[in-house]
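The structure under discussion appears below in the form of structure tokens.
The values are calculated or read from the model by the stated rules, or taken from the named source; none is laboratory data. If you're wondering where the values come from, they're calculated on a predicted model, not measured in any experiment. A quick note on method: Cβ atoms are made from the backbone with ideal geometry, for glycine too, and the neighbour counts reach across all protein chains shown.
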Amino acid sequence: MGNPSHKKPHKESVFKGIYKDYDSFYDENKPIIYKTIFELFKGFKDKRKKTLVLYLSAKIKDVEWETTFTFNRDELIILTRDIMPFFEGIEEFELCGEINSFCKDFTKK
């Protein structure tokens, strides 16, 4: 199966495991997915970029599952509303500090 997005993704994550359902896939890989979203947002340092695309692929219930997420540079709230609280909850405070610093620097520009 090819990438369903018309835009070439800026980040790709292909998960090799076989998952019994979407929830087991998401629960197991949430830290990786969230770190990848943060890395994707760092791509907005290039001021010309208006959107960035994340491609995810996994095998769920013996079916190839793939999706793309398109993020806009004005959606920085995702990092502070969704991503950072998750990492606070698992006590990844160094990463929270990186996200906080990135957000402060990004909004200054």
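Looking at 25, 87, just one residue is surrounded by 15 or more Cβ atoms within 10 Å (Cβ to Cβ) and in contact with a strand residue (DSSP E or B) (Cβ under 7 Å, 6 or more places away or on another chain), and that residue is 25.
Checked against the criterion of being touching a Gly at 6+ places or on another chain (Cβ under 7 Å) and exposed (fewer than 14 other Cβ atoms within 10 Å of the Cβ), the candidates 49, 61 yield just one match: 49. Out of the range 16-29, which residues are within 16 Å of the chain's Cα centre (by Cα) and either among the hydroxyl-bearing types (Ser, Thr, Tyr) or under 26 Å from residue 107 (Cβ atoms) (or both)? 26 - this is the single residue of the range 16-29 that is within 16 Å of the chain's Cα centre (by Cα) and either among the hydroxyl-bearing types (Ser, Thr, Tyr) or under 26 Å from residue 107 (Cβ atoms) (or both).
Name the residues in the range 26-45 that are of a type outside the set (Val, Ile, Thr), under 16 Å from residue 60 (Cβ atoms) and either free of Cβ contacts under 8 Å to residues at least 40 places away in the same chain or in contact with a Leu (Cβ under 6 Å, 6 or more places away or on another chain) (or both), would you? Full working, then the answer.
First, the residues of the range 26-45 that are of a type outside the set (Val, Ile, Thr): 26-31, 34-35, 38-45.
Still in the list and also under 16 Å from residue 60 (Cβ atoms): 26-30.
Answer for the range 26-45, where residues must be of a type outside the set (Val, Ile, Thr), under 16 Å from residue 60 (Cβ atoms) and either free of Cβ contacts under 8 Å to residues at least 40 places away in the same chain or in contact with a Leu (Cβ under 6 Å, 6 or more places away or on another chain) (or both): 26, 27, 28, 29.
Return only the number of the condition from (1) assigned to a strand (DSSP E or B); (2) over 22 Å from residue 87 (Cβ atoms) that residue 13 does not satisfy. Tallying (1) assigned to a strand (DSSP E or B); (2) over 22 Å from residue 87 (Cβ atoms), residue 13 fails exactly one: (2). What are the residues in the range 73-91 that are of a type outside the set (A, V, I, L, M), in contact with a Lys or Arg (Cβ under 9 Å, 6 or more places away or on another chain) and modelled with pLDDT of 95 or more, if any? Listed by number, the residues that qualify are 86, 87. Evaluating residue 58 against the criteria (1) modelled with pLDDT of 95 or more; (2) under 13 Å from the mean Cα position of the chain (by Cα); (3) small (Gly, Ala, Ser) leaves one unmet condition, (2).
Could you list, in sequence order, the residues of the range 28-40 that are acidic (Asp, Glu) and either surrounded by fewer than 13 Cβ atoms within 10 Å (Cβ to Cβ) or closer than 18 Å to residue 70 by Cβ (or both)? 39 - this is the single residue of the range 28-40 that is acidic (Asp, Glu) and either surrounded by fewer than 13 Cβ atoms within 10 Å (Cβ to Cβ) or closer than 18 Å to residue 70 by Cβ (or both).
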